[in-house]
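Participant: Please find one structure pasted underneath; my questions will follow.
Just so you know, all these numbers are worked out from the coordinates, no wet-lab data involved. This one's a predicted model, so the numbers in the text were calculated from it and none came from an experiment. Don't worry about glycine lacking a Cβ; one is built from the backbone with ideal geometry, like all the others, and counts go over all protein chains shown.
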Amino acid sequence: MAFPAGAQPGIDVSHYQEVVDWPTVHSAGDVFGFAKASEGQFTTDQYFADNWAGMKAVGVLRGAYHFYHPSKDAQAQVALFLKCLATGNGGSPLLAPGDLPAALDLEITENVAPADILAGVATWLAAVQAATGRQPLLYTYPSFWKSSLGNPATLAEYPLWIAHLKTAAPTIPGGWGNWAFWQFDKQPVDGVTATPVVDLDAFNGSLGDLQKLAGQ
């Protein structure tokens, strides 16, 4: 899979990658990273604090994401995620210069009706935007958005982080016209040894565009 022309390279990680050597990741060319902060109502990622601090220390533009559980209360999931951000940044502001907008990972239904899923997601996105002052990203798969949710055009005002691996160009679902971030492949990454491959991401723009998005 060739890297998208004109895009900026990054990775996303969670506890599955365990300890990440961010200086090595940065030296290998990645300029941004997303780290899982929380999941559902009660689960926090045990490596989030280390990843959050590690990216900051080496100048990697950093983002945090929450894995959404449709069967759980949306406001409780907001509270958990914001608590992670507050802890990571030592209180206020929740997002500092160099921090990318928050992201919501939506890829399961838990047998919840699509309309109820979308309503809960809208609640999460709006609440996190109000708290952080930044418009969050929405991460999803084309097949999930189409087959599981019915390909709705709602929520397209939020920038799209699309997961579509090993294709020349991602399929853009719903009402979006383009992607902001693209999870496009899984490959070994220098500085990550706990897992054989890591999610590779691209930002659709220049480094200056990415820095602007990160409030720099």
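Participant: Would you mind calculating the gained length between Gln135 and Asn178 on full extension (0.36 nm times residue separation, minus the Cα-Cα distance), in nm to one decimal? Don't skip to the end; give the middle numbers.
Facilitator: Working: separation 43, 0.36 × 43 = 15.48 nm, distance 1.62 nm.
Stretched out fully, the Gln135 to Asn178 stretch lengthens by 13.9 nm.
Participant: Then there is this: Just to be sure I understand: with springs between alpha-carbon atoms less than 10 Å apart, which residue in Gly133, Gly29, Gly177 has the highest mean-square fluctuation in the Gaussian network model of the chain?
Facilitator: Comparing Gly133, Gly29, Gly177 in the GNM, the peak value goes to Gly177.
Participant: Using Cα positions and a limit of under 26 Å, work out the lysines in reach of Lys212, with same-chain residues fewer than 8 apart set aside.
Facilitator: Within reach: Lys36, Lys56, Lys83.
Participant: According to a simple spin-label model (label point 7 Å from Cα along Cα-to-Cβ), what is the distance in nm between Ala126 and Ala5?
Facilitator: About 4.2 nm, to one decimal.
Participant: Would you please put 51-57, 142-148 in order of how densely packed they are, using the mean number of other Cβ atoms within 10 angstrom per residue and starting with the highest?
Facilitator: Taking the mean over residues of other Cβ atoms within 10 Å, the ranking is 51-57, 142-148.
Participant: Excluding Gly98 itself, calculate the net charge of residues whose Cβ lies under 12 Å from the Cβ of Gly98, where each Lys or Arg counts +1 and each Asp or Glu counts -1.
Facilitator: Working: positive: Lys56, Arg62, Lys212; negative: Asp99.
Here the count lands on +2.
Participant: Fewest Cβ neighbours within 10 Å first, please rank Glu18, Glu157 accordingly.
Facilitator: With the sparsest Cβ surroundings first, the list reads Glu157, Glu18.
Participant: Still on this model: Once you place label points 7 Å from the Cα toward the Cβ at Ser148 and Ala113, how far apart are they in nm?
Facilitator: In this crude label model, Ser148 to Ala113 measures out at 1.9 nm.
Participant: Near Lys146, which aspartates and glutamates are there with a Cα under 12 Å away, not counting those fewer than 8 places off in the same chain?
Facilitator: Cα-Cα hits under 12 Å: Glu107.
Participant: Now a separate question. How much length is gained on full extension from Val31 to Val58, taking 0.36 nm per residue of separation minus their Cα-Cα distance? Let's see the in-between values first.
Facilitator: Numbers: separation 27, 0.36 × 27 = 9.72 nm, distance 0.98 nm.
Here the answer is 8.7 nm.
Participant: Next question. Return Asp12, Asp190 ranked ascending by Cβ neighbour count within 10 Å, so the fewest neighbours appear first.
Facilitator: Asp190, Asp12
Participant: When DSSP assigns beta bridges and you keep just the ones with both residues in segment 35-186, what percent turn out antiparallel, to the nearest 5?
Facilitator: 10 percent
Participant: A follow-up question, please. Arrange Ile162, Ile108 by Cβ neighbour counts within 10 Å, fewest through most, would you?
Facilitator: Details: Ile162 24, Ile108 15.
Lowest to highest Cβ neighbour count: Ile108, Ile162.
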